[in-house]
1. Hey, what does the equivalent ellipsoid look like for the stretch 438-582, semi-axes from the Cα gyration tensor as sqrt of 5 times each eigenvalue, largest first, whole Å?
2. Might you report the magnitude of the Cβ-based charge dipole of the stretch 206-291 about its Cα centre, with Lys and Arg at +1 and Asp and Glu at -1, to the nearest 20 debye?
3. How far is helix 438-450 tilted, in degrees, relative to the longest principal axis of the Cα atoms in the chain, given as a value from 0 to 90 rounded to the nearest 10?
4. With all distinct Cα pairs included, what does the Kirkwood hydrodynamic radius of the stretch 52-151 come out to in Å, to one decimal, could you say?
5. Students often check this: by mean Cβ neighbours within 10 Å, which of 242-248, 150-156, 10-16 ranks highest, and how do the rest follow?
6. Starting from the Kirkwood radius over alpha-carbon pairs of the chain, derive D by Stokes-Einstein at 10 °C in a medium of 1.306 mPa s and give it in µm² s⁻¹.
7. Per the Kirkwood definition applied to all pairs of different Cα atoms, how many angstroms is the hydrodynamic radius of the stretch 519-579?
8. Considering the zone a paramagnetic label at LYS235 would reach in this model (a point 7 Å from Cα along the Cα-to-Cβ line), which residues of the stretch 272-296 have amide N under 19 Å from it?
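A short reminder: the numbers here are calculations on the coordinates, not readings from a lab. Keep in mind it's a predicted model, so treat the numbers as computed, not measured. Cβ coordinates were reconstructed from backbone atoms using ideal geometry, including for glycine residues, and neighbour counts include every protein chain displayed.
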Amino acid sequence: MRQFQFEYSDKTMLLRELQKINNWCRSHVYSHVVFYIFSETTDQTTIEEICRTIDEEMPYATYMGCSSNGNVLDGKLSPNPIGISCTIFEYASTKVKMLQYKLTNDTYLTAVNELKKEIETFGETKAIEMLLTIRGMSMTNFCKELSTIPENIEIFGGGAFNLNIDSNVACVFTKEKGYSNNSIAFLLMGGNDFYIDTRYITGWKPLGRPLRVTRSKGSTLYELDGRPAYETYYKYLNIKNDENFFTNTLEFPFLYRYNGIDILRAPIASNDDGSLEMTSDIEENVLAKIAYGDPWTILENIESESEKIRYFSPEIIHIYSCAARRTFWGNHESQNETQPLHAVAPTFGFFTSSEFLRTNGAVNQHNVTLVIASMREGEPFETERWADSYVPKTISGKISMVNRLATFIAAATDELDKANKQLELLARTDSLTQILNRGAIQSVISENLNNIGDTPLSLIMVDIDNFKRVNDIFGHNEGDNVIKALANILSRTAESISGKAYAGRWGGEEFMFAMVSNEDLLETAEKIRNEFSKINFDLAGNLTVSVGITVAKPGESVDTLYNRVDDALYTAKETGKNKTVRK
């Protein structure tokens, strides 16, 4: 596999570069020649002139390309608006095929179905690379359909963009179908001697507290924590709901769990009602956090992933990097995360509107992410890096300051979360026994009573016999020891139950045990009673408990349930104590 990369300035310069490639092809064995053309301009005349020149000079070659927010050549942001790379496949067994389909909300299913038919006839497909226009579309259903393609096929690519990130104008083009503002281009690659490794890097970390999606529909996010979604950006980041909203939020996406991995998702617009338009659907009740770029995490991940990629022995590396990452680093330092890859193998790509990658079988749409596809032909080989490693040791003052502030906020938020969890725990916990207090155990019972299914809700009410005598004769310290001992038995019993079980202090020497389980209720109650009777306290000696048990009935109120178990306990006390009564 051979790689040529160059910038386009005019036709004369293009002819000179094509002549070099033609000369190489005449003196070497190859199977396919594929050009990638990434352009900051969407000017159709310019793009078609480039394509026409390639057709005339190298009719045996194919090509694909799209508009971009910037181009990466030799692992760096190119200063020229148009970048071209040429990949030459050298093994006769390697196969490639270019496809292009119209892509809209009405045609995406047709495009995927046609792709599946091509895969069947193509043979040993190992990878599908794609360039696509996505603005104005939710890509959720498209990604789900792509995920039905056989899992052994790698799928990756990027969304066409514009140098003006607020513009919806973008284009995709191939040799097969030409220039289009709503298309997807697929490149099928395969063969016995073709190998590919794909991975992704974020480096964005969660900031602040989690926010629950309380209302959403499709790709429109209406509410977070019951408030208009836009208010989150205004409250925490002072981002206004104006024409610059997309630009200002690009570096602060939402982070949430999806398809088993952390996904970053950036809003593309804010509506008058305070809802946010996303590039993909977000389901209700998921928890999301605003995320921020952590430069040191990015650099550490880049260095680590570069080492892994090096052992794959790639001959070329394709990258799809979100435009937000270019904005984050700035033009000069955007090479911080691409030069280490170029130190492994020739690296090229472009800055995208979204990145796509199959992970664990599912095709995911990413934002603010770097997708990396490393390729080679033939078996891995031992070789020295072809360029010196590049890992910056310093970062600019602006990014460094933002990083420190974000670290401070994250640490403060973490401390606040821990404090709130501790307060919540204290509010639910009995201070003497460390099991649930009466309010907490009542909440648990009410919640499970309303959710009665096939498994019954059962209550065990326990009272220590003759407890007043313990306090009067042996003192309150011994009384506390007795109460804590019974609480420990109830807590251990709850942990041993198959199902759900909860232990709580009802008040004084009374306790309530609730369980949603198919385990024998009477046997559990008797186990508690017998275990307590075996304890020999230092001063009080052996003591007993009386127990009342009952099972909740469908449709009954919580008060009726409490009265019945209390009546069972009263009967146990009145008929001799140290026994279990069921009602």
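1. Semi-axes, largest first: 27, 15, 14 Å.
2. Value, rounded to 20: 360 debye.
3. Taking the Cα atoms of the chain, the angle to 438-450 is about 70 degrees.
4. Result for the stretch 52-151 stands at 16.4 Å.
5. 150-156, 242-248, 10-16
6. My calculation gives 56 µm²/s for D.
7. Hydrodynamic radius (Kirkwood, Cα pairs) of the stretch 519-579 is 13.0 Å.
8. Backbone N within reach: 272-277, 284-292.
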